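Trainee: Below is the structure I would like to discuss, written out as structure tokens.
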Amino acid sequence: MAATPAAAATTEPAPRELQSALDRIVDAGAIGAVAEIRDRHGVVRGHSGVAALDTHRAVPVQSRFRIGSITKTFVATVTLQLVDEGRLNLNDTVEKWLPGVVPGGDKITLRYLLNHTSGLYDYLHTLTFPPDPAFLAYRSRTWTAEELIHRAVSNPPVVKDPGKQFSYSNTNYILLGEIIEKATGRTYGEEIERRIIRPLRLRGTTVPGTSEQIPGPHPHGYVPVRQGEDTQLVDYTEMNPSVMGAGGEIISTTSDLNRFYAALFGGRLVPSSLLDEMTEAGTDGGRYGLGLFIVRTTCGITVYGHDRDALAYDAWAYSTKDGRRQVAIAVTPDHAGNPDEAVDALVDAAFCG
């Protein structure tokens, strides 16, 4: 359980402060936690807790983990690169690229998909989730984008007038994945690898598709499953991530996530005009742009990034808009407590400390 500064480099929070913050996350409801903070002074990394239940093995500080909805920023970045190349337009409709797939798709633009104002039903709400034991049947199942979209559009929209109201829906990004493939002839995963992972040398980052494994060092992740009158934690490290698809399937590390966001906000991935589009809220008073949450810290600094869970893993990654400071955190929750408040405090301290 030690925070590890880069050689001859320190930053805020200091290593001891980072260690205390990670320990508080574990105490609040996590099996393990890792974090990396970067700024102009250097890099600080830390870890707390264990890599697997019933062991004393520490979480590897360079752990790989499922990043969940942070995947959406990768998909949004590729989409905007295609906009920059003139192959897509933010005002293109779903109907133009996927004719007949989405009822009312002629009124839903790519912008509305990116900023979650399409009003489309979230297909995840049609699935079984823990602690229902029926959820375990999904572990090795391969889901197609077509299946997931069909489950979504079989339900009425949650918002009648697209573009007017924020309503977070994973369906939006499943559709964007399909549109990227239509526009390029390659899957969104291939485009992410070609345009982001390889150029940035994100060696701990993969788009697994249907592979159930997490390659390289990683903590085990668990989900609660009801067994009779009791609920037990079940190891769910290995699972087919196609159920999350373009909305959440990527595997990465804290270091890779920080490098990705530093490159994005440093102007290496999309031009400044489109970066401004990404960081502008889609609704008045909203806090979501194009593939990015917009978060105001307690000290008044606005940061941009993404977070949320991938079943057995939770992850957060945020950056200042000038790209000078990033924080990335991964947690394996114990599902008995709630570490979110402790994580939020660490994110805040990373930018305000």
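Trainee: Find the percent of Cα-Cα distances in the stretch 174-216 that exceed 13 Å, and round it to a whole number.
Mentor: So the portion of pairs separated by more than 13 Å is 58 percent.
Trainee: Any chance you could check the Cα centroid distance between the stretch 29-108 and the stretch 112-155 for me, in angstrom?
Mentor: 18 Å
Trainee: What is the pair-distance distribution P(r) of the stretch 188-272, computed from all Cα-Cα distances in 10 Å bins starting at 0, with each bin given as a whole percent?
Mentor: Going from the shortest bin to the longest, the percentages are 15, 39, 27, 12, 5, 1.
Trainee: Over the Cα atoms of the stretch 116-201, compute the convex hull volume and normalise it per residue, giving Å³.
Mentor: Dividing the Cα hull volume of the stretch 116-201 by its residue count gives 148 Å³.
Trainee: Here is a further query. So which DSSP H runs in the chain come out at 15 Å plus along the axis (Cα) with average Kyte-Doolittle of at least -1.0?
Mentor: Qualifying helices: 15-29, 71-84, 171-184, 254-265, 340-352.
Trainee: Still on this structure, I have one more. Can you work out the accessible area per residue across the stretch 136-265, with the rest of the protein chains kept in place, probe 1.4 Å, in square angstrom?
Mentor: Roughly 42 Å² per residue, with all protein chains present.
Trainee: What aspartates and glutamates sit close enough to Lys107 to cross-link, taking a C-alpha to C-alpha distance under 12 Å and skipping anything fewer than 8 places away on the same chain?
Mentor: Filter leaves Asp92, Glu95, Asp161.
Trainee: Net charge around Tyr236, counting only other residues with Cβ within less than 15 Å of its Cβ (Lys, Arg = +1; Asp, Glu = -1)?
Mentor: Net local charge, Tyr236 excluded: -4.
Trainee: Same structure, new question: Quote the relative contact order of the chain in percent (integer), defining contacts as alpha-carbon pairs under 8 Å separated by 6+ residues.
Mentor: 26 percent
Trainee: Here is a follow-up. Tell me, what is the 1.4 Å probe accessible area of Phe351, in Å² to the nearest 10?
Mentor: Accessible area, nearest 10 Å²: 10 Å².
Trainee: Convex hull over the alpha-carbon atoms of the stretch 50-95: what's its volume per residue in Å³?
Mentor: Looking at the stretch 50-95, the number lands at 95 Å³ per residue.
Trainee: Ok, one more. How big is the Rg/Rh ratio for the stretch 223-324, C-alpha atoms only, Rh by Kirkwood, two decimals?
Mentor: Result: Rg/Rh = 1.08.
Trainee: What's the local net charge at Ala315, with K and R +1, D and E -1, over the other residues with C-beta under 13 Å away?
Mentor: Local charge sum for Ala315: -3.
Trainee: Ratio of the stretch 137-293's C-alpha Rg to 2.2 N^0.38 Å, to two decimals?
Mentor: Cα Rg divided by the expected 2.2 N^0.38 Å: 1.19.
Trainee: Another question, then. Hey, how much of the P(r) for the stretch 100-153 falls beyond 17 Å, as a percent of Cα pairs?
Mentor: Tail fraction, whole percent: 48.
Trainee: Could the peptides 133-141, 87-95, 193-201, 241-249 be put in order, highest first, of the mean number of other beta-carbon atoms found within 10 Å of their residues?
Mentor: Per-residue Cβ counts within 10 Å, averaged per peptide and sorted highest first, yield 241-249, 87-95, 193-201, 133-141.
Trainee: Using alpha carbon centroids, what distance separates the stretch 314-328 and the stretch 218-269, in Å?
Mentor: 17 Å
Trainee: Per the Cauchy relation, a quarter of the hull surface: what is the mean projected area of the convex hull of the alpha carbons in the stretch 28-159, in nm²?
Mentor: If you wrap the Cα atoms of the stretch 28-159 in a convex hull and average its projections, you get 12.7 nm².
Trainee: At a 1.4 Å probe radius, carbon and sulfur cover how many percent of the accessible area of the stretch 1-143?
Mentor: Using a 1.4 Å probe with all protein chains present, the stretch 1-143 comes out at 52 percent carbon and sulfur.
Trainee: Quick check on the chain: helices-only [θ] at 222 nm, where DSSP H runs of length 4 and up contribute -39,500 (n - 2.57) each and the sum goes over total residues. Nearest 500, please.
Mentor: For the chain, the value works out to -8000 deg cm²/dmol.
Trainee: If I histogram all Cα-Cα distances within the chain using bins 20 Å wide from 0, what percent of pairs lands in each bin?
Mentor: Going from the shortest bin to the longest, the percentages are 31, 59, 9.
Trainee: Under a 1.4 angstrom probe, counting protein chains only, how are His47, His125 ranked by accessible area, largest first?
Mentor: The residues order as His125, His47, largest area first.
Trainee: Using the Kirkwood formula on the Cα atoms of the stretch 70-113, what hydrodynamic radius do you get, in angstrom to one decimal?
Mentor: 10.8 Å
Trainee: Hey, another quick one. Kindly provide log₁₀ I(q)/I(0) values, in the same order as q = 0.17, 0.18, 0.24 Å⁻¹, from the Debye equation applied to equal alpha-carbon scatterers of the stretch 261-315.
Mentor: -0.63, -0.70, -1.02
Trainee: What's the carbon and sulfur percent of the stretch 149-301's accessible surface, probe 1.4 angstrom, rounded to a whole number?
Mentor: 45 percent
Trainee: May I pose another question? Placing +1 on the Cβ of each Lys and Arg and -1 on the Cβ of each Asp and Glu in the chain, which of Ser272, Pro157, Thr73 has its Cα farthest towards the positive end of the resulting dipole?
Mentor: Sorting the options by dipole projection puts first Ser272.
The values are calculated or read from the model by the stated rules, or taken from the named source; none is laboratory data. The model shown is predicted, which means the values in this text are computed figures rather than measured ones. Cβ sites come from the backbone with ideal geometry, for glycine too, and all protein chains shown count toward neighbours. Accessible surface areas use protein heavy atoms only, side chains included; no ligands, DNA or RNA. Shrake-Rupley method; radii C 1.70, N 1.55, O 1.52, S 1.80 Å.
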